[in-house]
Structures are given as C-alpha cells and as structure tokens.
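What follows is a short report on a single structure.
The values are calculated or read from the model by the stated rules, or taken from the named source; none is laboratory data. Just so it is clear, the structure is predicted and the values come from calculations on it, not from any experiment. Because the Cβ atoms are built from the backbone with ideal geometry, glycine has one as well, and the counts that use them run over all protein chains shown.
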Amino acid sequence: MNKAYGFIEITGVVAAMDALDIMCKTADVELASWERKLGGRLVTLIVQGDVSAVTEAVETAVAKAIKKPASYAVIARPHEEIVKLVELSASRWKKQSEKQTEEKAEQPEK
C-alpha cells in the first residue's frame, strides 16, 4: 500500500462532518486528524489510506460537500516531516479527547 494523506479545509464544523462522511463512505480511508481554527469556523480534515482511495475520497468530497472547500490536497508518499506533523496533530487531538472524557467522568451525576 502506498500511504497518502488527503487534506480538506472547509468552513464550519457541520460542513466538515459532511465532507468526512462523504470521504469515508466513498473509499477506504480513515480520519488521521483534524484541526479547528477561528473557533471552528475553519476546519481541516486529514484522511489517510492508499493513494487511489485518498484521491477518490477527496475528489468526491470536493464535488459533493454541502460547502465548497477553501482548499484541498492529496499528498502521495508523504515526506517523513509531513508524517511527523500529522502525527503531532493527531496526538494533540487524542489528548484533548482524553481530557474531555476524564472531565466528564469527574462531574457528579445530576
């Protein structure tokens, strides 16, 4: 398998979730990470998989998403520095998710 990353930057969390749903249903890709900027008004989705699957997923989402993406790209065989950057993003995302789960567990039930 030739690893690839697909990136879509789109305005709004709802539009991002729509684009991610389209990508995951279109081809054998999985979410590698995501970033929210400007309070969620700008969302970057990063999916991974083999080159043909990522390309198909990104192209379909660009064509069918409820909003036109601000930008998008597919990087086939990413350089190790790109892989490090995506892994750093993913680790921040996972830490944030774990922190939220812990905070919910600490809250008393109502």
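General remarks:
- Selection from region 15-43 of residues that are under 9 Å from the mean Cα position of the chain (by Cα), at pLDDT 95 or above and not aliphatic (A, V, I, L, M): Glu30
- Residue that is surrounded by the fewest Cβ atoms within 10 Å (Cβ to Cβ), among those in region 55-74 that are closer than 10 Å to Gly6 by Cα and in contact (Cβ under 8 Å) with a residue 60 or more places away in the chain: Ala73
- Which numbered condition Ser52 fails, given (1) in a strand (DSSP E or B); (2) modelled with pLDDT of 95 or more; (3) surrounded by fewer than 19 Cβ atoms within 10 Å (Cβ to Cβ): (1)
- The set of residues in region 1-33 being in a strand (DSSP E or B) and touching a residue at least 24 places away in the same chain (Cβ under 8 Å) consists of Lys3, Ala4, Tyr5, Gly6, Phe7, Ile8, Glu9, Ile10, Thr11, Ala32, Ser33.
- The sole residue among Arg77, Arg41, Arg36 that is closer than 18 Å to Ala90 by Cβ, basic (Lys, Arg), touching a residue at least 12 places away in the same chain (Cβ under 8 Å) and surrounded by fewer than 16 Cβ atoms within 10 Å (Cβ to Cβ) is Arg36.
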